[in-house]
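Notes follow the structure.
The values are calculated or read from the model by the stated rules, or taken from the named source; none is laboratory data. Remember, it's a predicted structure, so these values are computed and weren't measured experimentally. As a convention, Cβ positions derive from the backbone with ideal geometry for all residues, glycine included, and neighbour counts pool all protein chains shown.
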Amino acid sequence: MRFHLTDDQRALRDEVREFTTEEIEPKARDLDRKKEYPSTIFDGLADRRLTGLTLPEEYGGRGEGLVELALMIEELSAGLMSVASTVGLHLGVATVVERFGTEEQRRDFLPEMASFDTVGALGLSEANAGSNKLEMETAAERDGDEWILDGHKQWVTNFFDADYVLTYAKTGPDEDAPHNISAFLVPTDDLDVETVWETLGANSVKSPRVSLSNVRVPDNRLVGEEGEGYVQRGEIHTGVNVPARGVGIARAALEDTVAYTSSREQYGQHIGDFQGVGWKVGKMAERADTARLLTLRAADRADRGRDITREFSMAKINATQAAVDNANEAIQLHGGLGYTTERDVERYLRDAKLLTIAGGPNEGHKNVLAEAVFERHDDN
Ligand SMILES: Cc1cc2nc3c(=O)[nH]c(=O)nc-3n(C[C@H](O)[C@H](O)[C@H](O)COP(=O)(O)OP(=O)(O)OC[C@H]3O[C@@H](n4cnc5c(N)ncnc54)[C@H](O)[C@@H]3O)c2cc1C
């Protein structure tokens, strides 16, 4: 068992950390306040092919695995969570094309996706298909060599700057569930925007509700086997980007708090020297480290082709709650300043809260975890 990164992994982490320090951190507060899209940041990530991190090198990607994805996403999320979510979701869509698409689809989409010239967004959730995606109402009907899609998708992150939405739709009767859902690459131009929500956080990248009305999609835009889209989705594990985002926020909150409590003085001493504060900061470090270990364990198992049902849900629950708890504590320990937009810690809390809901609410993951614990006892 190894608890250290390889030289290549450390180099990747340092590369993304440097990028985050130079390109994201100085802009993050402003982008959030102005609700502005971080386009120049994505340009920089694309220049470094980080937008194709996990895609094979033959298609222009960097050929890395899920451990590397988790490391990159942690760094990006420590800078600005919206950047991390956009890249994580984009790579999730690209991975579905890579794993289940035809060779023609791989050639058509992956090089442009690696360079972020073609951007993917995920269209899975709907108004009545939140935690339970099997209740989706969007349907696709075959018409010769085309499909006709009708319905809507909700919370399509990065819709406005994406080129395609990987849209999940029912192609078979309910009694065949979960083998009745297929995935289609639908151009964003074919979808109509219905609602753009004002949100608590994640302000730089919008997640609107969009509708599909009689949208015709050629057969060669069906990705993967007909009826198996939802099941195949369960075989890719780019979802580790969600706990990794939690780790990034938990760590950023810790680092800001260490810096602040080491310099702020009250009663003639640094507030970090009060035992009560020191214990809290220690707890924040414990949360961040636990979250990272659990996330990297899930990613590592996935890279080794092992089942991660138990490990993924554990990481998701732990890391996203760690982000909320650390951000909350960071505000407290920054005192009045922590409550202002002059500091980043209030944004951490607003962004962190999304993570206990998106990617499946933590309550659902607790059910999955409980089931897995009863079913499987090995932990290697
Ligand atoms: C900003 C944002 C961005 C998103 N981006 C995307 C995206 O890009 N693509 C996409 O497809 N989806 C996206 N989502 C959707 C997200 O995955 C869903 O919001 C999430 O799965 C929960 O669905 P819901 O909101 O309908 O909540 P519901 O399923 O209605 O659940 C509401 C609450 O009920 C409780 N609950 C639910 N199930 C259980 C249970 N089994 N046991 C106990 N309590 C339970 C939980 O507290 C939960 O938060 C995004 C959501 C948001 C808010």
Output yes when any residue across the range 300-320 is more than 29 Å from Leu5 (Cβ to Cβ), β-branched (Val, Ile, Thr) and part of a loop (DSSP other than H, G, I, E, B), and no when none is. no
Out of curiosity, is Val258 more than 30 Å from Gly305 (Cα to Cα), assigned by the TED database to the domain that holds Asp325 and either touching a Leu at 6+ places or on another chain (Cβ under 7 Å) or not in a helix (DSSP H, G or I) (or both)? no
Residue list for the range 129-160, restricted to those being under 20 Å from Gly364 (Cα atoms), within 8 Å of the ligand (Cβ to nearest atom) and part of a loop (DSSP other than H, G, I, E, B): Gly130, Ser131, Asn132, Gln154, Trp155
Enumeration of residues in the range 37-66 that are under 19 Å from Asp8 (Cα atoms) and not in a helix (DSSP H, G or I): Arg48, Arg49, Leu53, Thr54, Leu55, Pro56, Gly60, Gly61, Arg62, Gly63, Glu64, Gly65
Take the residues in the range 118-128 that are in contact (Cβ under 8 Å) with a residue 12 or more places away in the chain and not β-branched (Val, Ile, Thr); name whichever of them is surrounded by the fewest Cβ atoms within 10 Å (Cβ to Cβ). Ala127
Leu122 meets each of (1) within 16 Å of the ligand (Cβ to nearest atom); (2) not in a strand (DSSP E or B); (3) not hydroxyl-bearing (Ser, Thr, Tyr) with one exception, condition (2)
Qualifying positions in the range 197-220 - within 15 Å of Ala169 (Cα to Cα) and within 24 Å of the chain's Cα centre (by Cα): Val210, Ser211
One residue is enough: does the range 98-113 have a residue meeting the conditions in the same structural domain as Glu36 (by the TED database), within 13 Å of the ligand (Cβ to nearest atom) and within 17 Å of Tyr230 (Cα to Cα)? no
Criterion: touching a Pro at 6+ places or on another chain (Cβ under 7 Å), in the same structural domain as Glu126 (by the TED database), at pLDDT 95 or above and in a strand (DSSP E or B) - qualifying residue of Val193, Val217: Val193
Residue match in the range 168-175 (condition: surrounded by 23 or more Cβ atoms within 10 Å (Cβ to Cβ) and within 13 Å of the ligand (Cβ to nearest atom)): yes
Go through (1) of a type outside the set (Asp, Glu); (2) surrounded by fewer than 18 Cβ atoms within 10 Å (Cβ to Cβ); (3) closer than 20 Å to Met113 by Cβ; (4) in contact with a Lys or Arg (Cβ under 9 Å, 6 or more places away or on another chain) and name the single condition Arg29 misses. (3)
Filtering the range 217-246 down to residues that are away from the ligand (no atom under 11 Å from the Cβ) and in contact with a Leu (Cβ under 8 Å, 6 or more places away or on another chain) yields Val217, Arg221, Val223, Tyr230, His237, Thr238, Val240, Asn241, Pro243, Ala244, Arg245, Gly246
Complete set of residues in the range 281-290 that are more than 17 Å from Arg2 (Cα to Cα) and in contact with a helix residue (DSSP H, G or I) (Cβ under 7 Å, 6 or more places away or on another chain): Val281, Met284, Ala285, Arg287, Ala288
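Okay, residues lined up against (1) within 13 Å of the ligand (Cβ to nearest atom); (2) among the charged types (D, E, K, R); (3) in contact with a Ser or Thr (Cβ under 6 Å, 6 or more places away or on another chain):
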{"position": "Arg310", "(1), (2), (3)": "no, yes, no"}
{"position": "Asp325", "(1), (2), (3)": "no, yes, no"}
{"position": "Gln332", "(1), (2), (3)": "no, no, no"}
{"position": "Asp344", "(1), (2), (3)": "no, yes, no"}
{"position": "Leu349", "(1), (2), (3)": "no, no, no"}
{"position": "Val368", "(1), (2), (3)": "yes, no, yes"}
